[in-house]
Amino acid sequence: TPVRRVCYAVQLVLSGDVAADEAQRGLLRSIEELSQVFVDRDSRAHLELASNALVQEDHYRCLKALRALLPREERLLAVGA
């Protein structure tokens, strides 16, 4: 799923498999794309937290904010199915 893919990309940075500076632009773009789907205030707050954490190179906090969106994504996908 889209949120899981972004979480996985952040995990790759945390594990050292991908350099943070190489991943940053793509991760920011992915978070922006998620903001087109998650439009409620609470989800936007999590996405903003994830973006800010990413800019500050706090990848753990970024991952934590993104993981909070997983249950919402599951509900959206269930409604669309």
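A few remarks follow.
- Filter pass, LEU76 being open to solvent by less than 100 Å² (accessible area, probe 1.4 Å), of a type outside the set (Ser, Thr, Tyr) and either within 13 Å of CYS7 (Cβ to Cβ) or touching a Gly at 6+ places or on another chain (Cβ under 9 Å) (or both): no
- Matching option when the condition is farther than 15 Å from ARG4 by Cβ, open to solvent by less than 40 Å² (accessible area, probe 1.4 Å), of a type outside the set (S, T, N, Q) and assigned to a helix (DSSP H, G or I), among ALA53, ALA65: ALA53
- Selection of segment 10-25 for residues being assigned to a helix (DSSP H, G or I), over 19 Å from LEU69 (Cβ atoms) and without any contact (Cβ under 8 Å) to a residue 24 or more places away in the chain yields SER15, ASP21, GLU22, ARG25.
- Unique residue being surrounded by 13 or more Cβ atoms within 10 Å (Cβ to Cβ), at pLDDT 95 or above, part of a helix (DSSP H, G or I) and touching a Ser or Thr at 6+ places or on another chain (Cβ under 7 Å) when the list is LEU34, LEU28: LEU28
The values are calculated or read from the model by the stated rules, or taken from the named source; none is laboratory data. From a predicted model like this one, the values you see are computed outputs, not experimental measurements. Cβ atoms come from the backbone with ideal geometry, glycine included; neighbour counts cover every protein chain shown. Areas reflect the complete protein model, heavy atoms only, side chains present, ligands, DNA and RNA absent. Shrake-Rupley method; radii C 1.70, N 1.55, O 1.52, S 1.80 Å.
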